[in-house]
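Colleague: Pasting in a structure now, in structure tokens, and then I'll have a few things to ask.
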Amino acid sequence: MRILIPYIGRYKRDAILATLTVVLQVFATLWQPRLLQTVMEAIMAQDKTTVFNHGLGLIGLAVLGIAAGIANTVFSARLALNVATDLRTDLYGHVQTFAYADVEAFSASNLVVRMTNDINQIQQVVMATFQQVARIPLVFAGALALALITMPMQWWVIALMMIVIVATAVVTFKLMSKLFAQTQQDLEDVNTLARENLMGIRVVKSFVQEHSQITQFAQTSDRLRDVTTKIGEMFAVLMPIFFLTANIAVAGSVYLVGAHLTAHPTYLAAISSFTSYLTQILFAVINGAFMMTFASRAFISMGRIHEVLDHQPSMAFVPAGPAKVAGDVTFEHVTFTYPGDTRPTLEDVSFTAKAGEMVGIVGATGSGKTTLAQLIARLYDPERGRVLVGGVDVRELPEATLRHAVAYVLQRSTLFSGTIASNLQQVQPNATPAVMARAAEIAQAAEFIDRLPEAYDAPVEERSANFSGGQKQRLAITRGVIADPEILILDDATSALDARSEKLVQEALDRELTHTTTVVIAEKIASIVRADQILVMDNGRVVGTGTHRELAATNPVYQEIYATQKAKEGGQH
């Protein structure tokens, strides 16, 4: 709960007004039975003046209660909405500071559930707190005191009713708290499965796995249904027990008072007020029990939110340092192991690339090519050794400096919904049409952008579904080169391009970005045959360095890759 206090403190006015309106609402609720008792006594005494005056008082109390209730709902809703909005914004902002390893540790779907479902749970509990939590103890204490004042001899009826209701609530809600925790986990599993299935729909369709996926989703969804059903069944049993207990208490009170009506006629007016207070006590306990259940679920959500907010990014950047660095890259005995792995992905890697060079990286799948590139961009930090850019350890560079110096284009191109221009302006916010056009020419994207009616204002749909794989890659390369980076990493970023387009991209990069160090990770040796330096990776180690001609003559691993690809090309012809 402490994570909410600073957020609620930002909206003190709404919190104070919500609390004051609750007090007014409780006063109106509690005083009505008392006033009604006076009216009934006046009726029995045929005192018309008192009946009229107190009747107006009852109407006034009703109006006050309604007005206070409406105002309380408005202030509570506004407070809850603002708190949830601020909390969601802060949570999203904090996640943006996470390193790759942090996001992978939580998982993307897990973080989405926390930013949506868990925040919604907290929003509801904040509103309920200022509508009910402040109201429940006041109603309970006030109704109990007034009930005892009204008919003190019936105290034991109240005590007995309370014991039965509280004991039932404690046992039931203790069981429910575990089920609510399970509900959150099952909901997260359903979201994860749905997200993976929809993102991989092509794979599902290609392998005719629709039935298998439906079965798996149904099983996960059924678990969520079963847990939710158990919670509903407990509520279904709980409510009748509560009302049965209250009705027995009321019936017992009426029976006992009825035996003394002849001797004490005023009991007739008092019994009405007493039963009203009994009902208010009952509803205060029921609402309190519901709030405990509701709060237990919200506390789980608060814990999950707090876990993210309290998580310190595994990678921190220095606040100050050089504003610009050159494009040379040096690895000094770098070893890296992914979190949770026991075997290093990279081991004792050393090489130097001069500014403006083209560096090719080849190797079998799992040899560490992409990991090496990620260390240049400092998506991860090495376990041992140093990675230097412009002669400076990347751990000593401010984030803005490093991100401006290094552009990373992935094989799986990620474009954001919006327009082509908005995607390019993520890297270069002030990019003019001329700057965009130059970058698109280099990436060979201009040929299809210029054919679009809206050109750079053309829409990009969710997951860029309105572009082909090759178009996505060319747009991603456009985004990578638009800011003229010192280092451009192409991680198999031309795999979806035909040979002609790939050649044109490489020629344009050589011609237009002469100062840029280009690191090309490729499966095809044809993509890096013109590189100034080629690194051959095998099992996390650099087993060869040189030009294509040198490696083809001397390096067994490179020779094997080259021979295999030549054989495939020959077979295709």
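The values are calculated or read from the model by the stated rules, or taken from the named source; none is laboratory data. Note that the coordinates shown come from a computational prediction; the quantities given were computed from them, not determined experimentally. When we count neighbours, we look across all protein chains shown, and the Cβ atoms used for this are built from the backbone with ideal geometry, even at glycine.
Colleague: Does Ile487 satisfy the condition of being closer than 28 Å to Thr554 by Cα, of a type in the set (A, V, I, L, M, F, W, C), touching a residue at least 24 places away in the same chain (Cβ under 8 Å) and assigned by TED's automatic domain parsing to the domain that holds Val427?
Modeller: No; evaluated as a whole, the condition is false for this residue.
Colleague: Does Met151 satisfy the condition of being of a type outside the set (Asp, Glu) and closer than 30 Å to Tyr380 by Cα?
Modeller: no
Colleague: Assess whether Thr517 counts as being among the β-branched types (Val, Ile, Thr), at pLDDT 85 or above and closer than 17 Å to Ala421 by Cα.
Modeller: The answer is no for Thr517.
Colleague: Can you list the helices (runs of 4 or more DSSP H) found entirely within segment 378-471 that contain at least 1 residues being assigned by TED's automatic domain parsing to the domain that holds Val334 and more than 31 Å from the chain's Cα centre (by Cα)?
Modeller: Answer list for segment 378-471: 433-442, 446-449.
Colleague: Residue check: is Ala421 in contact with a helix residue (DSSP H, G or I) (Cβ under 7 Å, 6 or more places away or on another chain), modelled with pLDDT of 85 or more and either more than 29 Å from Ala353 (Cα to Cα) or among the aromatic types (Phe, Trp, Tyr) (or both)?
Modeller: Yes; evaluated as a whole, the condition is true for this residue.
Colleague: Moving on. Considering (1) more than 46 Å from the chain's Cα centre (by Cα); (2) modelled with pLDDT of 75 or more, say which one Tyr255 fails and leave the rest.
Modeller: Unmet condition: (2).
Colleague: Is it fair to say Ser301 is in a helix (DSSP H, G or I), over 16 Å from Ala147 (Cβ atoms) and of a type in the set (S, T, N, Q)?
Modeller: Yes; evaluated as a whole, the condition is true for this residue.
Colleague: Follow-up question, since we're still on this one. Looking at segment 478-493, which of the residues that are assigned to a loop (DSSP other than H, G, I, E, B) and at pLDDT 85 or above is surrounded by the most Cβ atoms within 10 Å (Cβ to Cβ)?
Modeller: Checked segment 478-493; the qualifying residue surrounded by the most Cβ atoms within 10 Å (Cβ to Cβ) is Glu486.
Colleague: On to the next question. Please count how many residues of segment 329-351 are surrounded by 13 or more Cβ atoms within 10 Å (Cβ to Cβ), in a loop (DSSP other than H, G, I, E, B) and hydroxyl-bearing (Ser, Thr, Tyr).
Modeller: Residues flagged as surrounded by 13 or more Cβ atoms within 10 Å (Cβ to Cβ), in a loop (DSSP other than H, G, I, E, B) and hydroxyl-bearing (Ser, Thr, Tyr) within segment 329-351 amount to 3.
Colleague: Still on this structure, please answer the following. With Ala326, Ala320 as the choices, which residue is surrounded by fewer than 16 Cβ atoms within 10 Å (Cβ to Cβ), part of a loop (DSSP other than H, G, I, E, B) and either among the small types (Gly, Ala, Ser) or touching an Asp or Glu at 6+ places or on another chain (Cβ under 6 Å) (or both)?
Modeller: Testing whether each residue is surrounded by fewer than 16 Cβ atoms within 10 Å (Cβ to Cβ), part of a loop (DSSP other than H, G, I, E, B) and either among the small types (Gly, Ala, Ser) or touching an Asp or Glu at 6+ places or on another chain (Cβ under 6 Å) (or both) leaves just Ala320.
Colleague: So the check is Cβ under 6 Å with 6+ separation or different chains; which pairs have a first residue in segment 4-30 that's in the same structural domain as Leu79 (by TED's automatic domain parsing) and a second one that's hydroxyl-bearing (Ser, Thr, Tyr)?
Modeller: Matching pairs, first to second residue: Ala18/Ser76.
Colleague: Condition (residue is over 30 Å from Thr342 (Cα atoms), charged (D, E, K, R) and over 44 Å from the mean Cα position of the chain (by Cα)) applied to segment 527-541: is it met by at least one residue?
Modeller: yes
Colleague: Any idea which of (1) surrounded by fewer than 20 Cβ atoms within 10 Å (Cβ to Cβ); (2) closer than 23 Å to Asp189 by Cα is the one Gln121 doesn't satisfy?
Modeller: Status for Gln121: all satisfied but (1).
Colleague: Tell me the residue from Val237, Val308, Val285 that is assigned to a helix (DSSP H, G or I), under 26 Å from the mean Cα position of the chain (by Cα) and modelled with pLDDT of 75 or more, please.
Modeller: After applying the criteria, what remains is Val308.
Colleague: Can you pull out the residues in segment 176-207 that are at pLDDT 75 or above and more than 22 Å from Asp118 (Cβ to Cβ)?
Modeller: Passing the criteria: only Asn197.
Colleague: Based on what the data block shows, is Val103 assigned by TED's automatic domain parsing to the domain that holds Pro33, under 30 Å from Tyr380 (Cβ atoms), assigned to a helix (DSSP H, G or I) and without any contact (Cβ under 8 Å) to a residue 12 or more places away in the chain?
Modeller: Criteria met by Val103.
Colleague: Now, a different point. Residue by residue through segment 88-102, note down the ones that are more than 11 Å from the chain's Cα centre (by Cα) and either closer than 22 Å to Thr183 by Cα or among the β-branched types (Val, Ile, Thr) (or both).
Modeller: Of everything in segment 88-102, just one residue is more than 11 Å from the chain's Cα centre (by Cα) and either closer than 22 Å to Thr183 by Cα or among the β-branched types (Val, Ile, Thr) (or both), namely Thr97.
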